[in-house]
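What follows is a set of notes on a single structure, which appears directly below.
The values are calculated or read from the model by the stated rules, or taken from the named source; none is laboratory data. Keep in mind the model is a prediction, meaning the values are calculated, not measured. Methodologically, a virtual Cβ is constructed for each residue, glycine included, from the backbone with ideal geometry; neighbour enumeration extends over all protein chains shown. To get the accessible areas, we keep the full protein, side chains included, count just its heavy atoms, and leave off ligands, DNA and RNA. Shrake-Rupley method; radii C 1.70, N 1.55, O 1.52, S 1.80 Å.
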Amino acid sequence: MVKFGLQFKATLENVTNVRPLGDDFRWFLKLKCGNCGEIPDKWQYVTLEESVPLKGGRSSASMVQKCKLCARENSIDILGDTIKPYNVEDSESFKTMVQFECRGLEPIDFQPQAGFAAQGAESGTQFPEINLQEKDWTDYDEKVKESVGIYEVTHKSIEC
(Lines give C-alpha, C1' and ligand atoms only; values in the text may rest on other atoms or scores of the structure.)
Protein backbone atom coordinates (compact mmCIF):
# COMPACT_ATOMS: atom_id res chain seq x y z
CA MET A 1 0.00 0.00 0.00
CA VAL A 2 1.23 3.45 -0.94
CA LYS A 3 0.21 6.88 0.31
CA PHE A 4 -0.31 9.71 -2.15
CA GLY A 5 -0.77 13.34 -1.20
CA LEU A 6 -2.96 15.69 -3.19
CA GLN A 7 -1.24 19.04 -3.25
CA PHE A 8 -3.31 22.17 -3.85
CA LYS A 9 -2.08 25.56 -5.05
CA ALA A 10 -4.01 28.79 -5.58
CA THR A 11 -3.78 32.54 -5.27
CA LEU A 12 -6.01 33.73 -2.41
CA GLU A 13 -7.49 37.23 -2.22
CA ASN A 14 -8.79 38.22 1.23
CA VAL A 15 -9.79 34.62 2.14
CA THR A 16 -8.23 31.84 4.18
CA ASN A 17 -9.12 28.38 5.50
CA VAL A 18 -10.08 26.96 2.07
CA ARG A 19 -11.21 23.41 2.79
CA PRO A 20 -13.53 20.61 1.74
CA LEU A 21 -16.81 20.83 3.64
CA GLY A 22 -18.26 17.73 5.29
CA ASP A 23 -17.69 13.97 5.18
CA ASP A 24 -19.78 13.83 1.99
CA PHE A 25 -17.27 16.03 0.10
CA ARG A 26 -16.48 14.37 -3.23
CA TRP A 27 -12.83 14.11 -4.25
CA PHE A 28 -13.07 13.68 -8.06
CA LEU A 29 -10.05 11.73 -9.27
CA LYS A 30 -8.65 9.95 -12.31
CA LEU A 31 -7.15 6.70 -11.07
CA LYS A 32 -4.52 4.57 -12.78
CA CYS A 33 -4.33 0.80 -12.25
CA GLY A 34 -0.90 0.00 -10.82
CA ASN A 35 -0.97 -3.46 -12.38
CA CYS A 36 -1.76 -2.80 -16.05
CA GLY A 37 -1.67 1.02 -16.30
CA GLU A 38 -5.33 1.38 -17.38
CA ILE A 39 -6.76 4.89 -16.85
CA PRO A 40 -10.57 5.03 -17.21
CA ASP A 41 -11.96 8.03 -19.10
CA LYS A 42 -14.52 8.84 -16.43
CA TRP A 43 -13.91 10.85 -13.28
CA GLN A 44 -14.44 8.81 -10.14
CA TYR A 45 -15.09 10.20 -6.68
CA VAL A 46 -14.39 9.10 -3.15
CA THR A 47 -15.90 10.44 0.08
CA LEU A 48 -15.15 9.99 3.75
CA GLU A 49 -18.67 8.77 4.47
CA GLU A 50 -18.39 5.77 2.14
CA SER A 51 -16.64 2.67 3.43
CA VAL A 52 -16.40 -0.66 1.61
CA PRO A 53 -14.97 -3.80 3.25
CA LEU A 54 -11.85 -5.24 1.63
CA LYS A 55 -11.47 -8.91 0.75
CA GLY A 56 -10.45 -10.91 3.79
CA GLY A 57 -12.35 -8.58 6.12
CA ARG A 58 -9.21 -7.01 7.58
CA SER A 59 -10.14 -3.42 6.85
CA SER A 60 -12.16 -1.14 4.61
CA ALA A 61 -11.58 1.59 2.03
CA SER A 62 -13.43 4.58 0.61
CA MET A 63 -13.68 2.79 -2.74
CA VAL A 64 -12.93 -0.69 -4.04
CA GLN A 65 -12.99 -1.34 -7.78
CA LYS A 66 -12.06 -4.05 -10.20
CA CYS A 67 -9.92 -2.97 -13.15
CA LYS A 68 -11.77 -3.46 -16.44
CA LEU A 69 -8.60 -4.56 -18.25
CA CYS A 70 -6.76 -6.86 -15.85
CA ALA A 71 -9.61 -7.64 -13.36
CA ARG A 72 -7.40 -6.84 -10.38
CA GLU A 73 -9.24 -5.54 -7.32
CA ASN A 74 -7.83 -2.18 -6.22
CA SER A 75 -8.79 0.25 -3.48
CA ILE A 76 -8.31 3.81 -2.31
CA ASP A 77 -8.98 5.18 1.16
CA ILE A 78 -9.12 8.82 2.26
CA LEU A 79 -6.99 9.39 5.36
CA GLY A 80 -9.40 11.75 7.14
CA ASP A 81 -6.90 12.97 9.72
CA THR A 82 -4.65 14.30 6.91
CA ILE A 83 -7.21 16.78 5.51
CA LYS A 84 -5.75 20.26 5.98
CA PRO A 85 -7.08 23.71 5.03
CA TYR A 86 -5.29 25.93 2.54
CA ASN A 87 -4.59 29.24 4.27
CA VAL A 88 -3.63 32.74 3.18
CA GLU A 89 0.02 32.09 4.13
CA ASP A 90 -0.01 29.09 1.75
CA SER A 91 -1.10 31.28 -1.18
CA GLU A 92 0.80 30.62 -4.41
CA SER A 93 2.60 27.54 -3.06
CA PHE A 94 1.78 23.83 -3.06
CA LYS A 95 0.39 22.37 0.16
CA THR A 96 -0.82 18.82 0.77
CA MET A 97 -4.56 19.07 1.39
CA VAL A 98 -5.32 15.34 1.79
CA GLN A 99 -3.63 11.96 1.64
CA PHE A 100 -4.96 8.75 0.13
CA GLU A 101 -3.91 5.22 1.02
CA CYS A 102 -3.84 3.28 -2.23
CA ARG A 103 -3.69 -0.43 -2.96
CA GLY A 104 -3.11 -0.98 -6.67
CA LEU A 105 -4.24 2.52 -7.68
CA GLU A 106 -2.52 5.83 -8.28
CA PRO A 107 -4.38 9.15 -8.37
CA ILE A 108 -3.08 10.94 -11.47
CA ASP A 109 -5.53 13.84 -11.80
CA PHE A 110 -7.94 15.81 -9.60
CA GLN A 111 -10.94 17.90 -10.59
CA PRO A 112 -12.04 20.38 -7.93
CA GLN A 113 -15.79 20.92 -7.94
CA ALA A 114 -18.45 22.16 -5.52
CA GLY A 115 -18.24 21.61 -1.78
CA PHE A 116 -15.36 23.84 -0.75
CA ALA A 117 -15.64 26.48 1.96
CA ALA A 118 -13.49 29.43 3.04
CA GLN A 119 -13.63 32.41 5.35
CA GLY A 120 -12.72 36.07 5.09
CA ALA A 121 -9.08 36.57 6.04
CA GLU A 122 -9.82 39.64 8.16
CA SER A 123 -13.58 39.49 8.74
CA GLY A 124 -14.10 35.80 9.43
CA THR A 125 -17.11 35.89 7.06
CA GLN A 126 -18.04 32.34 6.08
CA PHE A 127 -18.26 31.36 2.42
CA PRO A 128 -19.77 27.85 2.60
CA GLU A 129 -20.59 27.00 -1.02
CA ILE A 130 -17.55 27.41 -3.24
CA ASN A 131 -17.30 25.69 -6.61
CA LEU A 132 -13.75 25.50 -7.98
CA GLN A 133 -14.52 23.61 -11.20
CA GLU A 134 -13.62 26.68 -13.26
CA LYS A 135 -10.33 27.00 -11.26
CA ASP A 136 -11.43 30.48 -10.10
CA TRP A 137 -14.03 31.80 -7.65
CA THR A 138 -14.97 35.34 -6.63
CA ASP A 139 -17.39 36.92 -4.18
CA TYR A 140 -17.75 40.04 -2.05
CA ASP A 141 -17.19 40.35 1.70
CA GLU A 142 -19.79 42.81 3.01
CA LYS A 143 -18.13 43.15 6.44
CA VAL A 144 -14.90 44.61 5.07
CA LYS A 145 -16.30 45.90 1.75
CA GLU A 146 -13.69 44.01 -0.29
CA SER A 147 -13.74 41.49 -3.08
CA VAL A 148 -12.59 37.98 -2.22
CA GLY A 149 -11.39 35.24 -4.47
CA ILE A 150 -9.55 32.03 -5.15
CA TYR A 151 -7.63 32.12 -8.43
CA GLU A 152 -5.42 29.92 -10.61
CA VAL A 153 -6.28 26.69 -8.79
CA THR A 154 -3.88 23.90 -9.67
CA HIS A 155 -2.75 20.66 -8.08
CA LYS A 156 -0.34 17.76 -8.21
CA SER A 157 -0.12 14.32 -6.71
CA ILE A 158 2.96 13.23 -4.77
CA GLU A 159 4.00 9.97 -3.18
CA CYS A 160 4.24 10.36 0.60
| field | Among residues of region 37-47, those that are free of Cβ contacts under 8 Å to residues at least 40 places away in the same chain and either open to solvent by less than 60 Å² (accessible area, probe 1.4 Å) or on the phi > 0 side of the Ramachandran plot (or both), counted | value | 5
| message | One residue is enough: does region 60-74 have a residue meeting the conditions within 30 Å of residue 121 (Cα to Cα), open to solvent by less than 50 Å² (accessible area, probe 1.4 Å) and either at pLDDT 95 or above or part of a strand (DSSP E or B) (or both)? | response | no
| said: Give all pairs with beta carbons closer than 6 Å in which a residue from region 141-160 that is open to solvent by less than 70 Å² (accessible area, probe 1.4 Å) meets a residue that is aromatic (Phe, Trp, Tyr); count only pairs at least 6 apart in sequence or on separate chains. | reply: 147/140; 150/137; 155/8; 155/110; 157/4
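Is there a residue in region 36-48 that is under 18 Å from residue 110 (Cα atoms), outside any loop (DSSP other than H, G, I, E, B) and either over 17 Å from the mean Cα position of the chain (by Cα) or not hydroxyl-bearing (Ser, Thr, Tyr) (or both)? Break it down into steps so the answer makes sense when it comes.
Keep residues of region 36-48 that are under 18 Å from residue 110 (Cα atoms), which gives 37-48.
Add one more test, that the residue is outside any loop (DSSP other than H, G, I, E, B), and what stays is 44-46.
So of that shortlist, the ones also either over 17 Å from the mean Cα position of the chain (by Cα) or not hydroxyl-bearing (Ser, Thr, Tyr) (or both) come out as 44, 46.
Yes, that holds for at least one residue.
Within region 13-36, which residues are of a type in the set (A, V, I, L, M) and open to solvent by 50 Å² or more (accessible area, probe 1.4 Å)?
Of everything in region 13-36, just one residue is of a type in the set (A, V, I, L, M) and open to solvent by 50 Å² or more (accessible area, probe 1.4 Å), namely 21.
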| query | Looking at region 88-115, which of the residues that are aliphatic (A, V, I, L, M) and touching a strand residue (DSSP E or B) at 6+ places or on another chain (Cβ under 6 Å) is surrounded by the fewest Cβ atoms within 10 Å (Cβ to Cβ)? | reply | 108
| remark: Scanning region 110-128 for residues that are part of a loop (DSSP other than H, G, I, E, B), in contact (Cβ under 8 Å) with a residue 24 or more places away in the chain and over 13 Å from the mean Cα position of the chain (by Cα) gives 121, 122
